[in-house]
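Nothing in this text is a laboratory measurement; each read-out follows from the coordinates by a stated rule. The structure displayed is predicted, hence computed values, not measured ones. Please note: Cβ atoms are built from the backbone with ideal geometry, for glycine as well, and neighbour counts cover all protein chains shown.
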Amino acid sequence: MALQVYSTLTRKKEPFHKQPGERVSMYVCGPTVYKPSHIGHMVGPVIFDTVKRYLTYLGYDVKWVVNITDVDDKLIKRAAELNTTVPALAEQMTADYLDCLKKLNVTGIDQFPKATDHIPGMIGMISTLIAKGYAYPAAGDVYFDVSKDKDYGKLCNRDPEQLEAGARIEVSDKKRNPGDFALWKGAKPGEPAEVQFDSPWGKGRPGWHIECSAMSRALLGDTLDIHGGGLDLQFPHHENELAQSESTTDQPFARVWMHNGLLKMGSAKMAGSVGNVVNIADLLQRHSAETVRFLLLGTHYRSPIEYSEERLDEVKTSLQGFYQFFESYERVTGESYFTLPVPERERDWPKSPQDAVNERLVIATLLGDYLGYMQDDFNTGGAVGVLHRTLRNLNTLVNRTENLGRFTYQGATPSRETLLNQLRESTIILRGMTSILGLFWEAPVKKALGGLAPIRVTANVAEVAVTSSATGTTGATPETIINGLMQLLLDLRANLRTEAKSAAKDNPLKKALFDQTDLIRKRLADLGVTLEDRPGGTTWRVG
RNA sequence: GGCCCGGUAGCCAAGUGGAAAGGCAACGGUUUGCAAAACCGUCACACGCCGGUUCGACCCCGGCCCGGGCCUCCA
């Protein structure tokens, strides 16, 4: 099935209008930089980052632009409150925004144009609109005349006549129609000089909406392939952008309009106006960026996302299985999941599943399911489900490899090498699937011990001794000491276990020795350290 | 009032005109000296309610109830 994308304009899924290999322009409305970002601000970026990753995987050449609106009423107000300047505030908040994107692994945005860098473009557009009769100056302001635009309201099904009925629209005697909106706002007395720009209509600043029309046009052209943004921007923001742009260029403004659902807390949306926002910096103190991204992608992008601490805890738990697998994978293959090649484009994926055996075939089927979901309007929720099913198969493969000989096969027992090959190829597929979603981009940090890697203790104590002396003792740091102590403890425990296991059943020492090994494990558990005795030796981890 | 969007198990959440993915929680089992981890199994005769279309609907149509969003700044 060809890629299907839901368009707000037609209210239905449509086959994507471009072919792999072609360029795709994507514009997503960014923030007005007057406050630190909250998680709601990250929904769109995470989703469209995933959209870009998937389109890239399919072979499209995507150029993605996100605007920074750095001049606006809210900025002026906030800067005054903080006793700073608008540019200084904007710069600081932009840095915060970019930092949040980086933390959530939103890496696909190609350009972040600032409104203040595009004033001439906006003035040009407004002049054109006036010349074509779509806009009119009024005492220093310039307004868009919605009655002149025949299809005004087509995105949101709004009837300009009925806009009056709402009566919540800002009233102004400068407007010809209640639904008219400002393209340019004349400077008001007392406003700082840095937000006063020269224009044919006197000093002033752009209205909200025009910056997106001007900047998307400047960087991506008259017609965008994809225009995205939050559901709450449909009206009036996108409706007005659409009206301005098409009235200016006489070209379709966007081929596809994609709107993401909003974050919900309980029964209400999360928003600055509701006052229930969760600041990202605070959030990341409690939960990993991975957990947050996983939460955002677990629900279809057009649906509201249920947000709560409980949800985050749940997601975190479900994520543990993946981390466990990554450790298993490394233990069994000696290779880190995070250094496996990432098949970024379709042509780079492992091929010829017909050559594969058993699990490898199953995983190839799962990949098909995964792609089926993604093809259907970027159904990341369904895709995440496939990830979990894939994980189960991979764990089975790990178990078979690690416990080779304990499993009975119908035909010939595969060699360890065969199993390892299957495991590696299958894991690369998982790696590719998670990478499209932008998940598991870096190895998790063992916070409690400052990045200390888990030690593996083999049952062979002689071998252990060699390992520890090879580690070296020079330059003792808290880390090397803790590491060494853990090693010591686990060595002793390994010895006890060996003794206990070899002791005869009726030997009273057997139980006594096992009691000691259990005591060590219990006391470590009290400290938050979990020991896992495996066929190849004992591993430990924090948590 | 107008315009949209939802209502799937205890919670979250996919989905298809032909007998409901996945996760969390719960329970049972395999494995383990015991654990941990992993794996297997159980867990919605049922998808807001009522009609209709159909051989057959959770999925299509109509009505109703409930919830949410937008119409004012908002990702």
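Two decimals, Cα atoms only, Kirkwood Rh: what is Rg/Rh over region A:5-112? In region A:5-112, Rg relative to Rh is 1.07.
For the listed residue pairs A:Lys12/A:Lys63; A:Lys74/A:Lys188; A:Lys77/A:Lys188, the alpha carbons are over 19 angstrom apart in A:Lys12/A:Lys63. Separation of region A:170-201 and region A:509-540 by C-alpha centroid, Å? Centre-to-centre distance over Cα atoms comes out at 72 Å. Listed by chain and number, the aspartates and glutamates placed with their C-alpha closer than 17 angstrom to that of A:Lys505 are A:Asp515; residues fewer than eight positions away on the same chain are left out. The mean sequence separation of alpha-carbon pairs under 8 Å and at least six residues apart, normalised by the residue count of chain A, gives a relative contact order of 14 percent.
Counting Lys and Arg as +1 and Asp and Glu as -1, what is the net charge of the other residues whose Cβ lies under 12 Å from the Cβ of A:Asp117? Net local charge, A:Asp117 excluded: -1.
Among DSSP beta bridges whose residues both lie in chain A, state the antiparallel percentage, nearest 5.
55 percent
Cα-based radius of gyration for region A:40-87, normalised by 2.2 N^0.38 Å, reads 1.75. Residues whose amide H comes within less than 5 Å of that of A:Leu263, counting only those at least five positions distant or on another chain, are A:Met270, A:Ile305 (H built at 1.01 Å from N in the peptide plane). Counting only DSSP H runs of at least 4 residues, each contributing -39500 (n - 2.57), and dividing by the residue count of chain A, the helix-based mean residue ellipticity at 222 nm comes to -15000 deg cm²/dmol. Taking the Cα atoms of chain A, the ratio Rg/Rh between the radius of gyration and the Kirkwood radius comes to 1.09. The Cα center of region A:409-444 and the Cα center of region A:244-260 differ in position by 44 Å. Spatially, region A:317-344 and region A:59-120 are offset by 35 Å when compared through their Cα centroids.
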